[in-house]
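Single-structure report; data block below.
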Amino acid sequence: MQKPKFFIVSERYINYLRSDECLTNVCKNKDGKRKYVGTALEINGFSYFVPLSSPKDKDFRIIDGKKKLKGNSPVAFHLLNKKGELIASLKIGNMIPVPRSELQYYDFSKVSDNKYRDLLNKEYRSIVENADKITKLVSVAYRQVQLRILVNAGLEIKSELPSYVKDMVDYEYAERKCLRFMQMQNKRSVYEEDKADVLDLTVNPELGRT
């Protein structure tokens, strides 16, 4: 298995997806000096960008008056430092397929801000250490969204889907939009030739059957 890498996604592609009313849950690119960074993996022949998110209140729950970190789920995988403290989350529920032409490798070793570079390094190490767990959760997420599509089409499934599935990106719809973008940009050949250079984790959607 290849080691993960960090990437950023072009502004034009993010805007292209978000202009579709069915994909408004695609995360915006961040403004300011810090890039909207994530890792990349392969699902169903597509390069998927999984965005990183800084710690939020919604990552925690209150139990007996104390703040406790929620468990990992197909929505988000929590990245921890050596002290077990939350430093970031991988937003699996918001991952998107991205053409190779719109993915740019992000070399965080060249970041001038020492504090930010150190944070990225810690996030990177956590992703490497938990690569297998992340892969399995991504597989579950992809499968759950597939099942949601079947349910929305009126078909019955064996078990009820978790409530969070309704808020996840429609991956298959996003894949069709991705292909449409590549057709418009005439970049399909570039995508096929360069795909192997950017993929970090290979995911089999069938692993995530619920």
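The values are calculated or read from the model by the stated rules, or taken from the named source; none is laboratory data. It should be emphasised that the depicted structure is a prediction, and the values quoted were computed from it without experimental measurement. Here Cβ is always computed from backbone atoms with ideal geometry, including for glycine, and neighbour counts include all displayed protein chains.
Cβ-Cβ under 9 Å, sequence separation 6+ or interchain: first residue in the range 76-94 and of a type in the set (F, W, Y), partner in a strand (DSSP E or B). Which pairs?
F77/V50; F77/S89; F77/L90
Starting from residues that are among the polar types (S, T, N, Q) and touching a residue at least 24 places away in the same chain (Cβ under 8 Å), keep the ones in the range 103-139 and report whichever is farthest from S73 (Cα to Cα).
Q104
How many of the residues making up the range 36-54 are free of Cβ contacts under 8 Å to residues at least 40 places away in the same chain and assigned to a strand (DSSP E or B)?
The qualifying residues number 1.
Within the range 112-133, is even one residue aromatic (F, W, Y) and more than 22 Å from D20 (Cβ to Cβ)?
Yes; the residues of the range 112-133 include at least one that is aromatic (F, W, Y) and more than 22 Å from D20 (Cβ to Cβ).
Mind checking which residues of the range 59-77 are among the β-branched types (V, I, T) and under 16 Å from I127 (Cα atoms)?
Of everything in the range 59-77, just one residue is among the β-branched types (V, I, T) and under 16 Å from I127 (Cα atoms), namely V75.
What number of residues within the range 99-119 are under 15 Å from K3 (Cα atoms) and either of a type in the set (A, V, I, L, M) or in a helix (DSSP H, G or I) (or both)?
1
Note down all Cβ pairs under 7 Å where the first residue falls in the range 173-184 and is farther than 18 Å from R143 by Cβ and touching a residue at least 24 places away in the same chain (Cβ under 8 Å), the second is in a helix (DSSP H, G or I) and among the charged types (D, E, K, R), and they're at least six residues apart or on different chains.
The qualifying pairs are M182/R188.
Any idea which of (1) buried (at least 16 other Cβ atoms within 10 Å of the Cβ); (2) at pLDDT 90 or above; (3) within 15 Å of the chain's Cα centre (by Cα) is the one V165 doesn't satisfy?
V165 satisfies every listed condition except (2).
Say whether the condition of being under 23 Å from A174 (Cβ atoms), in contact with a His (Cβ under 7 Å, 6 or more places away or on another chain) and among the small types (G, A, S) is met by at least one residue in the range 88-97.
Checked against the condition, which is being under 23 Å from A174 (Cβ atoms), in contact with a His (Cβ under 7 Å, 6 or more places away or on another chain) and among the small types (G, A, S), the range 88-97 yields at least one hit.
Is one or more of the residues making up the range 55-76 under 24 Å from R180 (Cα atoms), in a strand (DSSP E or B) and not basic (K, R)?
no
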